[in-house]
């Protein structure tokens, strides 16, 4: 079937919906192909259904990539202010700031974000085909042939421009796949090795029971390695560690590496011990730690520390042990929880393969790649959405 569209967009997630909406606002006609039975599946579950749709502090420093500077050109076209204005103007959505610059709709409803797009698509005459599986892409003379399966039937679509906004591997139950990466590889584009990112970490072996005993305990901490550092909560689980700070550092972690946790980043335990000595040192180590941690946490730390010794009786070696254990707690994860528990995927299509202004393939005119399939991975906190909106906008300008 020869279809009269300016472009066919594969994927009705954040990037694909923005691309279709912006194309529609420019008077262009697109067809969006989505394998799920509704658009914006991942948007709808983001932020616990509340959708942290951007971040006031967005900069290229908040992204993991072989070349984060690639984002300068994309973000110069579509800013955080543009995102805020877009959702206010077209969806009546006003932002509310939570922690660390994160913006949520005042309604706290992710469905309002999706509704903004479906309204624009309807009003600008864009077509959206749900329950449609894209099976293959091939070059046929000057056009591209898209083989799809829809309503139990095979169809062939021809178009001169295809936008790949089909996401990455995380959350397979929402239709995630590596389709865009497979197509990019088919068309001889470089792929940066992929891995789960923003993902909980697993602990096995002799320390597994210790972590499991603390399951459900949350601690504000600084988690760091030689690449980056994050101050947010960590959460102990029956299989290891989760929580915002752990998810953040996971994007900078590789198998076999160790990272460090400062369990008391706002205080200096060395100074606290010194002050206690000056006050007579009658309190026990466990009592001091009880000022900062739950009883369960303190009891667990007893595996490593002398809790029943008075501060006055502490040797230099014991004092040093306590300070190091609390401020430099070493963790060597066995691995991570994989793509089904990951927020996003890191790695993907190399930015060197794409025009930074349009996100069109340099080698394959007419093929555009945006969102999670590209080697651009944002931190937790709305950054990945900002990249998706900006990429969708940039591609729409060139369709």
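Brief remarks on what is shown
- Residue 179 vs. criteria modelled with pLDDT of 95 or more, surrounded by 21 or more Cβ atoms within 10 Å (Cβ to Cβ), under 24 Å from residue 45 (Cα atoms) and in contact with a helix residue (DSSP H, G or I) (Cβ under 6 Å, 6 or more places away or on another chain): no
- Exclusive hit being surrounded by 20 or more Cβ atoms within 10 Å (Cβ to Cβ), in a loop (DSSP other than H, G, I, E, B) and within 23 Å of the chain's Cα centre (by Cα), set 196, 170: 170
- For segment 367-383, filtering for residues that are within 12 Å of the chain's Cα centre (by Cα) and free of Cβ contacts under 8 Å to residues at least 60 places away in the same chain leaves 0.
Here is a yes/no grid of residues against (1) in contact (Cβ under 8 Å) with a residue 60 or more places away in the chain; (2) in the same structural domain as residue 271 (by TED's automatic domain parsing):
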site	(1), (2)
321	no, yes
330	yes, yes
350	yes, no
362	no, no
365	no, no
387	yes, no
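- Qualifying residue in segment 233-250 (condition: over 20 Å from residue 296 (Cα atoms) and not in a helix (DSSP H, G or I)): no
- Screening 142, 233 for residues that are surrounded by fewer than 19 Cβ atoms within 10 Å (Cβ to Cβ) and closer than 27 Å to residue 61 by Cα leaves exactly one candidate, 233.
Results for (1) in contact with a strand residue (DSSP E or B) (Cβ under 6 Å, 6 or more places away or on another chain); (2) touching a residue at least 24 places away in the same chain (Cβ under 8 Å); (3) closer than 22 Å to residue 202 by Cα, shown as yes or no for each residue.
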| position | (1), (2), (3) |
| --- | --- |
| 257 | no, yes, yes |
| 261 | yes, yes, yes |
| 270 | no, yes, no |
| 273 | no, yes, no |
| 285 | no, yes, no |
| 291 | no, no, no |
| 301 | no, yes, yes |
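- Residue match in segment 159-168 (condition: at positive phi, modelled with pLDDT under 95 and not assigned by TED's automatic domain parsing to the domain that holds residue 14): no
The values are calculated or read from the model by the stated rules, or taken from the named source; none is laboratory data. These numbers come from a predicted model, not from an experiment. Ideal geometry is used to build each Cβ from the backbone, glycine not excepted, and the neighbour counts take in all protein chains shown.
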